[in-house]
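Okay, so here's the structure we're looking at.
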Amino acid sequence: MSVAATANENHVEDVFDPAIHLNYAAPSSTISLSDLGLKGTASSTPIAGSVPFPFLSHEGVLAYRRSILRASVIKACGQTYGAGTVVLRNLAQHSKFVRDLWSHPETTRIVSEVAGVPLSVIMPTEMGHTNIQTSGNSVEEALKEIKVELRSEKVEMTDAQREYDPLKENSVIPWHYDSYPYVCVVMLSDTTHMTGGETYIKKGDGTAAKVEGPALGYAVILQGGQVEHLAARAFGSVERITTITSYRANVDGLYDDSYISNVRPYARFNELYPEWTAYRLEKLKHEIEHMQRTVADATARGEPVPLGQLNRFAEQQISYLKRTVRQMASPELVKSVERRFGARAIYDAGKTWDKVRASPSFRERLPGAMEDARAWTEVSRYLVDWYETKGAIERGDVEGIGSQHGPFSWDRPVEEYLFGDELLRQGLKEVLLEWLDRTGMLALASEQK
Ligand SMILES: [Fe+2]
């Protein structure tokens with residue numbers, strides 16, 4: 001198959017029309033945090049996720065595929081993410097259809113209705129992030145494979161595939177929290193012969209609740225930044241293409257618990273960092289205006305300035321602003337780590353850190369590694385953060401401290417909260433890998449006990 005198998009380059013994109021391209025019907029049920037036995041945090045909202053619901057019409061799926069499965073778009077937006085997956089990012093800049101669909105008020109109304117809270121797309125670069133399962137290892141190979149027409153051929157499953165259990169074996173994406181609070185996942189492939197592809201959500205008692213994957217044109221919504229989940233592998237079908245848009249709650253006073261840790265390793269910095277900065281500052285502006293109104297209203301009622309509330313506000317916005325900048329790790333460092341170790345190793349940095357810590361020579365190597373960190377100007381800010389977090393642990397006051405991997409807790413002695421733990425708390429996995437590598441500690445991960 002050649003590039004010609006993808007949509008005609010001269011094809012003029014369909015003009016998005018909700019009456020033609022959407023086919024929404026409310027999900028038959030939603031799952032709340034309390035259904036799952038989860039308490040939630042100050043920044044979560046009650047609904048954890050939905051079962052699949054009709055979202056795109058058949059015509060909508062076809063128009064979407066015609067817009068993104070074009071050689072020029074795949075070349076401009078595609079990159080490999082581990083073997084067998086091509087991701088398309090920043091599609092909104094290359095497809096008016098995608099941009100119009102995700103920024104249309106009707107789409108926003110639908111996702112907000114399902115999530116039970118008004119939502120806003122995180123930033124334009126996150127509109128329609130698309131995952132394409134391929135058998136190739138490069139964008140060029142994927143180009144030969146991808147077809148704009150829907151494919152429904154069945155692929156015989158192997159015995160191992162039939163017996164696959166995502167809770168015991170490798171899942172496509174192991175247990176994790178998303179970088180962003182909410183996600184809407186839309187299926188662009190025929191799932192008739194597909195087995196698997198479900199999402200599992202970890203319940204309060206440690207067991208897993210299964211949510212079926214969406215069928216063609218269906219969507220699911222998940223509060224993926226607040227619930228730990230995994231994606232099961234899918235077998236039996238010749239293609240699997242999903243398109244995903246991330247959201248935050250558009251509610252004044254509700255802390256936006258977003259990170260860019262999961263997207264940073266494969267993002268383009270000239271797209272991600274300016275958009276991230278713009279939206280985070282815009283949200284901060286709204287929060288400031290909201291507080292101005294609160295104070296003005298109190299004054300108008302003859303009440304004193306709400307100092308308690310104002311103090312909490314100040315602490316929250318300081319932490320918000322710090323996270324905004326801290327998340328933008330040095331592009332040179334991120335790129336260099338990505339080149340040397342690959343996206344998968346970055347993803348698994350937490351596991352690597354556990355192995356390093358468990359190594360018999362770790363304690364003796366740590367002082368030297370900390371000396372290196374103190375002399376390394378690029379990480380001096382993270383050292384300050386580490387001291388602050390340790391102080392909060394000491395005071396038993398960690399409630400306001402978030403983490404990129406779910407609610408933050410620390411029930412061990414403060415001295416055991418190490419610099420590596422702080423980098424992981426902030427989701428700065430590239431910085432952690434770089435530090436472990438430059439201090440020779442990375443080798444400890446493969447040391448035999
Ligand atoms: Fe996820």
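Read the figures in this text as sums done on the coordinates, not as results from a lab. Bear in mind the structure is a predicted one, so any value in this text is a computation, not a measurement. We place every Cβ from the backbone using ideal geometry, glycine too, and count neighbours over all the protein chains shown.
Once the gyration tensor of the Cα atoms in region 3-261 is diagonalised, the equivalent ellipsoid follows with semi-axes of 28, 23, 16 Å, ordered largest first.
One equal scatterer on each Cα of region 352-449, no solvent, Debye formula: the resulting log10 I(q)/I(0) at q = 0.15 Å⁻¹ is -0.60. With only Cα atoms counted, region 133-220 has Rg and Dmax values of 15.2, 46 Å.
How do 89, 412, 365 rank when sorted from fewest to most other Cβ atoms within 10 Å of their own Cβ?
So the residues, fewest neighbours to most, are 412, 365, 89.
Each Lys and Arg contributes +1 and each Asp and Glu -1, all at the Cβ; summed about the Cα centre of the chain, the dipole is approximately 480 debye.
Ranking 400, 436, 350 by Cα position along the charge dipole of the chain, where only Lys, Arg, Asp and Glu carry charges on their C-beta atoms, puts 436 farthest toward the positive end.
Can you list the chymotrypsin sites (Phe, Trp or Tyr not before Pro) in region 391-443 that are in a DSSP coil and have 10 or fewer other beta carbons within 10 angstrom?
none
Given 96/203; 75/351; 390/429; 75/210, which pairs have Cα atoms separated by over 31 Å? The pairs that break the limit, which is 31 Å between Cα atoms, are 96/203; 75/351; 75/210. In plain terms, the bigger the Kirkwood radius, the slower the diffusion; for the chain, with that radius from Cα pairs, at 10 °C and 1.306 mPa s, Stokes-Einstein puts D at 68 µm²/s. Out of 54, 245, 192, whose Cα points farthest toward the positive end of the dipole of region 3-261 (charges: +1 Lys, Arg; -1 Asp, Glu; placed on Cβ)? Sorting the options by dipole projection puts first 245.
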